[in-house]
């Protein structure tokens, strides 16, 4: 097939766009203090931040899967005003500035928060400044990505598959586990990856709601932010680690799994 | 986090020149430690009032950038343009000086001490630094990279107290707000913070455990308004400036 | 035929989006009923309703068991009905192999040796070598056959087929139709299929139910239905001219006051059928016995091998079937003026 020739203007604009992505990444790689990188990697602050980030982001993704898939199922079945309202609520964390999200979490789950005060008075449970808070902050900002992806997958699913399954005698749970979820796997997968990536990079809500303490709430983005002021080489090394991990994920995922991405 | 302040313009009610003939105010950019926010706010207003009295109109529009001293130091190092730097400790001013950014020798213009901030009424009954080590207490400190955090660590070490903080904040105002909000039971902040806050109560730290923070100020050569910068620094060091600082809880030079 | 126990009885109404389906039908074991109708007639809705996938008003019973009864608030959900559904384009589970697809219903029934039973069905159908294949690796015909096996494997009492051949290539339809006939013959439940293809209906059905705009307009054996069409759709299916009018003894008055001579027409509201072969075309007004003669204009000329169907607009619009030679001889092009004539004895009249 011979397509029409792409005008130079399009190529130029695309090139500029590409440059915007490539230059910062190149800067990161080319200015990295490779000789010190190894020392930084084994520094306890780095390993703590890395371990914590991985733990929190994976936990947040797991929670997002357990809560988000049912939420997406409800969303996919509703229509009209109800759907618009629910949709707005679940995508709000995506458009809210993360720090605002952190403040909101504080107001809900802090010691004086609407839910937090009950927990504190009844059980003495305090959520801010804990790893739980970091996980909650990450879940709050990242779950919408999963919900949106899975909902889109559900809406584009041919509903006749479920009908065929039902006509063959399958009850609700069998239809869900043997037909719907397997067919949703690409959407779930790409949603989970987006969710995980967002959780990994979360900063504003975490530092506001969970605070900052090494090993407990100091995730990699926060560590980078702090290190920037005191030890820039450590900041660059940490940033590189995050970059490598992200690239590995994206490259490792194939087209057919990414679907809409 | 950064806090910006933008003071006055030619449309101030104090201006007596006709708008058309008012010369465009020049900007004076001041980088200051966040603990100086309330004090410098008042100082800035007085400075401009003086300008109007002397010259009939505002000459300089003051632009403040308040943040942790370590953050400001880093930004200046990256080439941010400012006329004045007021730091919460000597160490960061030295760093900026070493970078060749200072136009004239820095001068110490204020002192501050540490104090323990607690919720109004001191419901948890905290009276000494040692009390901060009580289990079950939620204590928030500034990160050691921040002058206030460094001083707090020093004071605790002198007192022989080990505290397990819930969070290490990026600027001392973060510590204050967490206590004011009720999220933390206690935090170590400056005396000046407690005086201007009105939302928390303070518990004094005895002198033999306390740390005296020295605040230096200097005119930088990275800005565009060195003449006015010198005037501002002089004002801060003047009797009027000093009394404003004292009113905000600082100790003078 | 007489005396067999009728086991499916349905009398239902469905109102949706300005469309109303109002159908009463019954079907007996061992009998294939075809619901025939143009697109939009409501055939698929009817099928889905019997499968339990739609909300209905009315009553449905299968082999004595009440599946739907609005007056008593009974609605047996789809998964509890013993009704197998075969979709238009197979709708096999794309992530499961052929054998897993066929075994699906068996597993849902908790049959202990589901895979073995499934394999037997597949082998018997001659698809044994495709047992491990995924649906996308199958041809259209193979997939449709697997879909049928999947529905049959669960031993349903009612088999519902939604246009089973229409998504297939014309070239393989005949082969799959033969296969379908064979499978249906050995199925001892009630068989109901819907289609818009008359050929499919005629070939597979023991009984036809004609559905138009949500209503049953005719039912009976294929022969009965086409002999006496009661709608344009069936008339087209049978390939005859269908007219409707008021009979007065030996003539029928049609719309527009045109009159058709027909002996023994009777009285009252009637249908009149004229086979295209009985319509003769002339260049000039004919002299002779035919009492039904009109002048008209050629609308269209369609070739069917050596025969040609000429549509003529006239006071009584008719389709005539003539030879190719006749067409060129008479210069029958669209727009050409022509006379049509029909012998009164060729007009078949029956009550509407």
Relative exposure of A:29, A:10, judged by other C-beta atoms within 10 Å (fewest first): A:10, A:29
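For residue C:110 and residue A:181, what does the FRET efficiency come to when R0 = 30 Å and r is the distance between their Cβ atoms, rounded to the nearest 0.05?
Step by step, r from the Cβ atoms, then E = 0.90.
Provide the FRET efficiency to the nearest 0.05 for the residue B:212-residue A:87 pair, computing r from the beta carbons and using R0 = 51 Å.
Working: r = 57 Å, r/R0 = 1.12.
That gives a FRET efficiency of 0.35.
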On Cα atoms only, tilt of C:140-153 relative to the major axis of chain C in degrees: 60 degrees
In degrees, nearest ten, helix B:147-159 long axis to first principal axis of chain B (Cα): 30 degrees
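Which of rounded, prolate, oblate describes segment C:6-237, given a ≥ b ≥ c as roots of the alpha-carbon gyration tensor eigenvalues and a/c under 1.5 marking rounded, otherwise prolate only if a/b is larger than b/c? If you can, show how the numbers build up before the last one.
On the way: a/c = 1.93, a/b = 1.32, b/c = 1.46.
It comes out oblate by the Cα gyration axes.
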Cα centroid separation - segment C:51-94 against segment A:137-208, whole Å: 30 Å
Helix C:170-185 axis, angle to chain C major axis (alpha carbon atoms, nearest 10°): 60 degrees
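Arrange C:193, C:149 by Cβ neighbour counts within 10 Å, fewest through most, would you? All intermediate terms of the calculation are to be shown ahead of the outcome.
Numbers: C:193 25, C:149 20.
If I rank by nearby Cβ atoms, fewest first, I get C:149, C:193.
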Label point at residue B:42 placed 7 Å out along Cα→Cβ; residues across segment B:181-198 whose backbone nitrogen lies under 18 Å: B:190-198
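Can you tell me the relative contact order of segment C:294-352? Whole percent, Cα pairs under 8 Å, sequence separation 6 or more. Before the final figure, lay out each step's value.
Working: 88 pairs, mean separation 21.7, N = 59.
Relative contact order, segment C:294-352: 37 percent.
Quick check on packing: order B:236-242, A:127-133, C:28-34 by the mean number of other C-beta atoms within 10 Å, highest mean leading.
Numbers: B:236-242: 17.4, A:127-133: 22.4, C:28-34: 19.4.
Final packing ranking: A:127-133, C:28-34, B:236-242.
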Förster radius 56 Å - calculated FRET efficiency between residue A:10 and residue C:80, Cβ distance, rounded to 0.05: 0.45
Helix-only [θ]222 nm of chain B, DSSP H runs n ≥ 4, -39500 (n - 2.57) each, per residue, nearest 500: -10500 deg cm²/dmol
Relative contact order (%) - criterion: Cα under 8 Å, at least six apart; region: segment C:6-237: 29 percent
The protein assembly as shown - Debye-derived log10 I(q)/I(0), Cα point model, q = 0.06, 0.11 Å⁻¹: -0.68, -1.28
Peptide B:164-170, shielding by other chains (average Cβ, 10 Å cutoff): 6
Cα centroid separation, segment B:153-180 to segment B:96-121 (Å): 17 Å
Projected label distance in nm at residue B:133 and residue C:11, using a 7 Å step from Cα toward the beta-carbon: 9.1 nm
Helix-only CD estimate at 222 nm, as mean residue ellipticity for chain A, using -39500 (n - 2.57) per DSSP H run (n ≥ 4): -25000 deg cm²/dmol
Rg in Å to one decimal, and Dmax rounded to a whole Å, for chain A via C-alpha atoms: 21.8, 72
Projected label distance in nm at residue C:313 and residue C:171, using a 7 Å step from Cα toward the beta-carbon: 4.0 nm
Cα-projected label distance for residue C:221 with residue B:154, points at 7 Å along beta-carbon direction, nm: 11.1 nm
Ranked A:243, C:237, criterion: other C-beta atoms within 10 Å, fewest first: A:243, C:237
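Each reported figure results from applying straightforward, stated rules to the coordinates on display, with no laboratory input. Computed from a prediction, not measured in an experiment: that's the story for all the values here. Reconstructed Cβ throughout: ideal geometry from the backbone, glycine too, with neighbour counts over all protein chains shown.
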